[in-house]
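Here's the structure, in structure tokens; my notes come after.
The values are calculated or read from the model by the stated rules, or taken from the named source; none is laboratory data. Note that this is a predicted model, so its numbers are computed, not measured. Positions of Cβ are generated from backbone atoms using ideal geometry, with glycine treated the same way; all protein chains shown enter the neighbour counts. To get the accessible areas, we keep the full protein, side chains included, count just its heavy atoms, and leave off ligands, DNA and RNA. Shrake-Rupley method; radii C 1.70, N 1.55, O 1.52, S 1.80 Å.
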Amino acid sequence: MASQSLRFYFVRHGKTEWNLSGQMQGWGDSPLVTEGKNGAIAVGEALQDVKFRNAYVSPSKRTQETAKYIIGSRKIPVQLMDDFREMGFGSWEGEYISDLDVRFKEARTEMLTSPATFDAKENGGETFYELEERVLRGVETIIQQEKKGGNVLIVSHGMALTLLLYVLSGGKMSDHRTKGTRILNTSISVVEYQDGKFHILDLNNTNHLDSVRV
């Protein structure tokens, strides 16, 4: 007998000030810009006919604000989940990426191209192994809580979702930076879970953003 189908709608938060200025943004935070707010509203309009049982949201302010714009006036319970926070960048938080690329060239190159060997010693932040462990734990927690199936909304972050969605598609964490799809702001990715298997139904969809104004 087949189990109930559980459908995940993964959304990356709206564009923020640090996204525009090129600053590292993991556990640190910056406000949504107008484009980010409008993008989140567009997500809500695109998903207005989807009946969500619950929303699971990273506790960062930018993800909470994005979720608020997506949900609008709908009565959808929201649960904050630390497991869906962005990767932690330690002392690099808020620093300009262009500066880090010069000051920590070797570590930055390793971070971008070799996730399996990046040890985070230069910044005291998270490794990709730690990120993978917690985002997968978050998914498993939802599966256990949503045994009746249905639709759930997850609002998370770029690096977290890029890794998670690549792994759920059958890829390995070790090559997600070179082979995975870079998840864009306020994009929608849909994954169905049933009988212990994940199926990617839509990935990094931004069609709803065509009419979004800055």
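Within region 75-98, being among the charged types (D, E, K, R), assigned to a helix (DSSP H, G or I) and open to solvent by 70 Å² or more (accessible area, probe 1.4 Å) holds for one residue alone: ASP82. Scanning region 177-194 for residues that are farther than 19 Å from MET81 by Cα, β-branched (Val, Ile, Thr) and assigned to a loop (DSSP other than H, G, I, E, B) turns up THR181, ILE183. Among all residues of region 104-114, there is at least one that is of a type in the set (Phe, Trp, Tyr) and in contact with a Phe, Trp or Tyr (Cβ under 9 Å, 6 or more places away or on another chain). Among residues of region 78-100 that are farther than 18 Å from LEU163 by Cβ, those with a Cβ under 6 angstrom from a residue that is β-branched (Val, Ile, Thr) and open to solvent by less than 50 Å² (accessible area, probe 1.4 Å), sequence gap 6+ or separate chain, pair up as VAL78/VAL57; LEU80/VAL57. Residues in region 180-207 that are modelled with pLDDT of 95 or more and among the charged types (D, E, K, R): ARG182, GLU192, LYS197, ASP202. Entry remark, region 148-176: residues being closer than 10 Å to GLU132 by Cβ and assigned to a loop (DSSP other than H, G, I, E, B) number 1 in total.
Those residues that are assigned to a helix (DSSP H, G or I) and among the acidic types (Asp, Glu), I need them from region 127-147; list them, please. Hits for region 127-147 are GLU130, GLU132, GLU133, GLU140.
Of the residues making up region 115-125, those that are in contact (Cβ under 8 Å) with a residue 40 or more places away in the chain and either within 15 Å of GLU93 (Cα to Cα) or open to solvent by less than 20 Å² (accessible area, probe 1.4 Å) (or both) are PRO115, GLY125.
None of LYS179, LYS197 is surrounded by fewer than 16 Cβ atoms within 10 Å (Cβ to Cβ) and under 24 Å from GLU130 (Cβ atoms) except LYS179. Within region 135-171, being more than 18 Å from HIS199 (Cβ to Cβ) and over 17 Å from the mean Cα position of the chain (by Cα) holds for GLN144, GLN145, LYS147, LYS148. A single entry from ALA55, ALA40, ALA67 fulfils the requirement of being open to solvent by less than 20 Å² (accessible area, probe 1.4 Å) and part of a strand (DSSP E or B): ALA55.
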